[in-house]
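Enquirer: Structure below; questions to follow.
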């Protein structure tokens with residue numbers, strides 16, 4: 001029998017795939033139950049494939065490179081159990097601000113789908129158990145198993161995206177254009 005070098009195993013942590021991360025989130029947050037109120041969302045560090053991290057600036061989510069002086073900004077995430085995903089590899093989620101007080105929403109005020117932060121608490125959305133399509137994003141593995149995309153449930157074919165230029169607000173766009181629609185994300189805080 002071959003001897004396994006446990007020191008080497010400890011040095012190389014296992015990278016979870018997007019599907020594994022989503023299954024972990026959904027396992028922790030069962031179907032909303034009024035007798036079982038979960039207190040806080042899980043917090044994630046999210047960045048695009050060009051290494052621009054999402055952070056809050058002037059009440060907007062912006063994507064910018066992180067340097068040594070940049071504070072860590074985390075995005076809140078919970079499952080949306082009130083909506084049925086397209087398939088077993090797609091996960092309906094709510095995204096919100098780090099404090100959980102605001103949630104990312106998709107609307108169509110100027111004829112084209114746009115993102116806004118609304119004063120609806122992410123845990124309120126989760127505990128409500130309703131569909132809330134305008135607050136829902138379908139997360140699915142992207143071009144690699146370590147990246148994922150977030151498609152608007154209210155506007156199919158429109159994805160959370162960043163521009164190639166730094167310090168720009170995140171937006172909705174179609175895949176295949178100049179905008180970046182693939183993201184890495186790591187859980188930083190969660191029960």
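The values are calculated or read from the model by the stated rules, or taken from the named source; none is laboratory data. Because the structure is a prediction, the values reported are computed rather than measured. Here Cβ is always computed from backbone atoms with ideal geometry, including for glycine, and neighbour counts include all displayed protein chains.
Enquirer: Kindly establish whether residue 186 is in contact with a strand residue (DSSP E or B) (Cβ under 9 Å, 6 or more places away or on another chain), surrounded by fewer than 19 Cβ atoms within 10 Å (Cβ to Cβ) and either at positive phi or part of a loop (DSSP other than H, G, I, E, B) (or both).
Expert: Judged against the criteria, residue 186 is not a match.
Enquirer: Right, next: Which one of these is in contact with a strand residue (DSSP E or B) (Cβ under 8 Å, 6 or more places away or on another chain), farther than 20 Å from residue 44 by Cα and surrounded by fewer than 19 Cβ atoms within 10 Å (Cβ to Cβ): 157, 129, 88, 111?
Expert: Among 157, 129, 88, 111, only 157 is in contact with a strand residue (DSSP E or B) (Cβ under 8 Å, 6 or more places away or on another chain), farther than 20 Å from residue 44 by Cα and surrounded by fewer than 19 Cβ atoms within 10 Å (Cβ to Cβ).
Enquirer: On the given criteria, is residue 141 without any contact (Cβ under 8 Å) to a residue 60 or more places away in the chain and either closer than 19 Å to residue 44 by Cβ or buried (at least 18 other Cβ atoms within 10 Å of the Cβ) (or both)?
Expert: no
Enquirer: I've got another one for you. List the residue pairs whose Cβ atoms are under 7 Å apart, where the first residue sits in the range 100-119 and is on the phi > 0 side of the Ramachandran plot, the second is surrounded by fewer than 16 Cβ atoms within 10 Å (Cβ to Cβ), and the two are 6 or more positions apart or on different chains.
Expert: 100/40
Enquirer: Still on this structure: Of the residues 165, 151, 146, which single one is over 17 Å from residue 25 (Cα atoms) and either under 15 Å from the mean Cα position of the chain (by Cα) or touching a residue at least 12 places away in the same chain (Cβ under 8 Å) (or both)?
Expert: Checking each option against the conditions leaves just 151.
Enquirer: So, in the range 12-31, of the ones that are within 19 Å of residue 81 (Cβ to Cβ) and at pLDDT below 75, which residue ends up surrounded by the most Cβ atoms within 10 Å (Cβ to Cβ)?
Expert: Top of the filtered list is 29.
Enquirer: Please note which strands (runs of 3 or more DSSP E) are completely contained in the range 22-130 and include at least 1 residues that are under 20 Å from residue 159 (Cα atoms) and more than 15 Å from the chain's Cα centre (by Cα).
Expert: 60-65, 103-107, 114-118
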